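Below you'll find the structure, written out as structure tokens, and then a few comments.
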Amino acid sequence: MKRLSVFLLSTALMVHAAAAVTIGTTMSKKDAFVSILTENIKTAASKANGVSLDLVVANMDKQTQLDQVKGFIDQGVDAIIINAVSDENSDLMQDMAAKARIPLVYVNRQPPQSRFPGPVSVVSCNELVAGRLQMRFMADKVGGKGNVVILNGEMSHPAAKARTKGVKEVLAQYPGLKVVHEQTANWSRDEAEQIISDLLAKGVKIDIVAANNDEMAIGTVRAFEKTGVSFGDVLIGGVDATPSAIAEMEAGKIDVTVLQNAAAQGLQSIKNAIAMAEGGYAQEFDWVPWEVVLPSNMENYK
């Protein structure tokens with residue numbers, strides 16, 4: 001992504017630690033978006049003078065992530081960045097870190113708490129806005145009339161809940177749009193393909209598919225490809241603006257996605273971790289803006 005690379009290279013150079021800082025980082029998994037985020041955290045850390053990054057992956061195991069955080073605390077790291085597997089251990093991780101006087105930065109996934117026992121910064125996007133932006137574009141594009149399918153991410157995930165809530169807020173303003181099916185596809189391309197294939201096999205008419213992420217949008221594309229339905233007859237929307245989704249948009253198959261700026265999130269999480277590790281200030285909720293990506297501006301996001 002040319003524009004994001006320029007942003008990252010130009011701004012990461014401003015990040016530096018006054019003294020050597022060790023940042024322990026635990027990522028939830030290695031899916032399409034989290035992998036991009038992980039690489040941006042690594043890049044930002046590598047360009048921050050005096051920063052040592054210890055990065056591990058929890059592979060969607062909450063106990064593994066808890067053990068990783070305990071390990072970082074035992075090592076005496078200066079700050080911890082968490083891309084959380086789930087909400088379940090948030091209180092425990094925050095209490096442990098607070099007792100050890102180690103600041104935490106949550107990146108991408110917001111914890112359920114709004115008040116924290118120690119220094120905490122949340123670097124993320126407002127997920128509700130993503131659903132609103134995605135659905136608003138598609139609702140206007142079809143003139144406010146048609147059948148809608150909503151594909152949810154993991155329903156225990158706050159991003160899935162908020163994105164779907166945003167979609168439904170917009171739908172409530174368009175009485176001509178009808179939700180004919182809503183189902184979780186767990187962020188999965190394969191699960192989304194199966195759901196849409198089943199609906200098409202039953203003869204369900206679909207005008208819009210609002211997917212909580214790009215992988216499910218791509219799964220939707222695969223299902224329509226197999227049926228031979230014209231992509232001019234359906235609107236497909238995703239979230240994240242991954243390279244794979246941009247390629248499908250360029251092919252005329254995905255109509256809208258919403259950029260979750262991994263470069264900005266990665267850089268800001270490193271900046272906030274350094275600031276708090278050195279006893280300085282970091283914004284408690286540090287929101288990164290969404291950007292709507294359409295065929296008309298997709299060249300800026302390659």
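The values are calculated or read from the model by the stated rules, or taken from the named source; none is laboratory data. Treat the numbers as computed from the prediction; the structure is a model and nothing was measured. All Cβ positions, even for glycine, are placed from backbone atoms using ideal geometry, and neighbour counts span all protein chains on display.
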Every residue from the range 129-157 that is part of a helix (DSSP H, G or I) and of a type outside the set (S, T, N, Q): V129, A130, G131, R132, L133, M135, R136, F137, M138, A139, D140, K141
Looking at (1) buried (at least 24 other Cβ atoms within 10 Å of the Cβ); (2) closer than 27 Å to D198 by Cα, find the lone condition where K145 falls short. (1)
When you check E284 against the structure, is it under 26 Å from N147 (Cα atoms), surrounded by fewer than 23 Cβ atoms within 10 Å (Cβ to Cβ) and of a type in the set (D, E), yes or no? no
By residue number, the members of the range 258-279 that are among the small types (G, A, S) and part of a helix (DSSP H, G or I) are A262, A263, A264, G266, S269, A273, A275, A277
Taking the residues in the range 210-233 that are at pLDDT 95 or above and among the polar types (S, T, N, Q) as candidates, determine which candidate is surrounded by the fewest Cβ atoms within 10 Å (Cβ to Cβ). T220
From I236, I270, residue being assigned by TED's automatic domain parsing to the domain that holds F116 and not small (G, A, S): I270
The condition from (1) more than 14 Å from the chain's Cα centre (by Cα); (2) surrounded by fewer than 23 Cβ atoms within 10 Å (Cβ to Cβ) that P111 misses is numbered (1)
Only one of (1) in contact with a strand residue (DSSP E or B) (Cβ under 6 Å, 6 or more places away or on another chain); (2) in a helix (DSSP H, G or I); (3) in the same structural domain as P103 (by TED's automatic domain parsing); (4) among the hydrophobic types (A, V, I, L, M, F, W, C) fails for A282. Which number is that? (2)
For the range 258-294, which positions are in contact (Cβ under 8 Å) with a residue 24 or more places away in the chain, over 15 Å from F33 (Cβ atoms) and of a type in the set (F, W, Y)? F285, W287
If you go through the range 183-194 one residue at a time, do you hit one that is surrounded by fewer than 17 Cβ atoms within 10 Å (Cβ to Cβ) and closer than 15 Å to K145 by Cβ? no
Within the range 235-263, can you find the residues that are more than 14 Å from V293 (Cβ to Cβ) and surrounded by 24 or more Cβ atoms within 10 Å (Cβ to Cβ)? A263
Report every pair of residues separated by at least 6 positions or lying on different chains whose Cβ atoms are under 8 Å apart, first residue within the range 89-107 and under 23 Å from S35 (Cβ atoms), second charged (D, E, K, R). N89/K62
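Matching residues to (1) farther than 19 Å from M135 by Cα; (2) of a type in the set (S, T, N, Q); (3) under 16 Å from the mean Cα position of the chain (by Cα):
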| residue | (1), (2), (3) |
| --- | --- |
| R222 | yes, no, no |
| K226 | yes, no, no |
| L235 | no, no, no |
| M249 | no, no, no |
| K253 | no, no, no |
| V256 | no, no, yes |
| L267 | yes, no, yes |
| A277 | yes, no, no |
Sort out for me the helices (runs of 4 or more DSSP H) sitting completely within the range 161-257 that have 2 or more residues that are in contact (Cβ under 8 Å) with a residue 60 or more places away in the chain and at negative phi. 214-227, 243-250
Between a first residue in the range 13-32 that is assigned by TED's automatic domain parsing to the domain that holds G279 and at pLDDT below 80 and a second residue that is surrounded by fewer than 16 Cβ atoms within 10 Å (Cβ to Cβ) and acidic (D, E), which pairs have beta carbons less than 6 Å apart while being 6 or more apart in sequence or on different chains? A18/E278
I'd like the full set of residues that are surrounded by fewer than 18 Cβ atoms within 10 Å (Cβ to Cβ), within 20 Å of the chain's Cα centre (by Cα) and at pLDDT 95 or above, limited to the range 61-90. D61, K62
Answer with yes or no whether T242 is in contact with a helix residue (DSSP H, G or I) (Cβ under 9 Å, 6 or more places away or on another chain) and at pLDDT below 95. yes
Can you name every residue in the range 91-108 that is modelled with pLDDT of 95 or more, surrounded by 20 or more Cβ atoms within 10 Å (Cβ to Cβ) and closer than 17 Å to A282 by Cα? Q94, A97, I102, P103, L104, V105, Y106, V107
